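Contents: one structure, followed by commentary.
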């Protein structure tokens, strides 16, 4: 069986016993303390899980193209987006997947312990690399432990090198130039900003040099997708909430963003859980948008 959005602890346990090839990734992270995620992984993780570090594995090594005057020569080192957490190239990402032994015939399961704030990045990147068999463990590590699933501590044994092959992207990446051009086109895009309301309104901005939001953007904090039990809300409820947010706007025009393209992804995943067709990601997000002072910023 193939899982493409969410997987429950019971389904993961069945997958582990099925003989089907799979790999579990722990994506735990802390933006304020980048080393904390690996420390959490070392303390406890799903048995056999590989650690995926947001900074080291899921972001470009050299930062945004214009940062610090870095000259990039190899195509594989060219970031695929700007912003504080620029996407690595698809080629660089495939190299990392191969280095940890991930293969095209495997089911991927991703999780964190931060309400899907970070594992959604790897879920989307695998889709972007053309791999559909990837699912978020609903409820994260907390749900797995409540289910009495097997855990380990310390480091796992290394996997043999594989040869992960890229295929046509299954999810669409939108550039800052595209977002900017569409501002002048009526009904061309509906931006959903996943940041907290105070940051969206421009009342505070702890990370970027400019406060505010992209003109026309709607606000839905990514935390609103998660119920009190730590799992995604039911599909019908999510659909009703997004329909209320969109107010008859065409869902196919939705572009998701946040501060640096990471916490936008719970919104994107939630829309798919709710039954909407796949939507788009502006990975550079506010951090790339506000890097050019000529781009408009709205405070309200």
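Annotations for the structure displayed:
- Subtracting the Cα-Cα distance of residue 300 and residue 153 from their residue separation scaled by 0.36 nm leaves 48.3 nm.
- Helical contribution to [θ] at 222 nm, DSSP H n ≥ 4, -39,500 (n - 2.57), averaged over the chain, rounded to 500: -7500 deg cm²/dmol
- Rg to Rh quotient for the chain, alpha carbon positions, Kirkwood Rh: 0.95
- Normalised Debye scattering of the stretch 6-152 at q = 0.11, 0.12, 0.16 Å⁻¹ gives log10 I(q)/I(0) of -0.42, -0.49, -0.84, counting only Cα atoms as equal scatterers and leaving out solvent.
- Theoretical FRET efficiency, 1/(1+(r/R0)^6), r = Cβ-Cβ of residue 145 and residue 180, R0 51 Å, to 0.05: 0.70
- Against the chain, whose longest principal axis is taken from its Cα atoms, helix 90-99 shows a tilt of about 20°.
- Average projection, convex hull of the Cα set of the stretch 13-61: 4.1 square nanometres.
- For the stretch 176-289, the equivalent ellipsoid derived from the alpha-carbon gyration tensor has semi-axes of 22, 18, 11 Å in decreasing order.
- Virtual paramagnetic centre 7 Å along Cα→Cβ of residue 243, amide N under 14 Å, in the stretch 214-236: 235-236
- In range of the label at residue 228: residues from the stretch 131-145 whose backbone nitrogen is under 19 Å from the point 7 Å along Cα→Cβ: 139-140, 142-143
- Bridge type composition, the chain - antiparallel percent by DSSP, nearest 5: 15 percent
- Directionally averaged shadow of the stretch 77-209, computed from the convex hull of its alpha-carbon atoms, nm²: 11.6 nm²
- Between helix 9-18 and the chain there is an angle of about 50 degrees, using the helix long axis and the longest principal axis of the Cα atoms.
- Nearest 10 degrees, 0 to 90: helix 235-246 Cα axis against the chain principal axis: 20 degrees
- The stretch 75-136 versus the stretch 230-300: alpha-carbon centroid distance in Å: 19 Å
Bear in mind that the values in this text are calculations on the coordinates, not laboratory data. Bear in mind the structure is a predicted one, so any value in this text is a computation, not a measurement. Because the Cβ atoms are built from the backbone with ideal geometry, glycine has one as well, and the counts that use them run over all protein chains shown.
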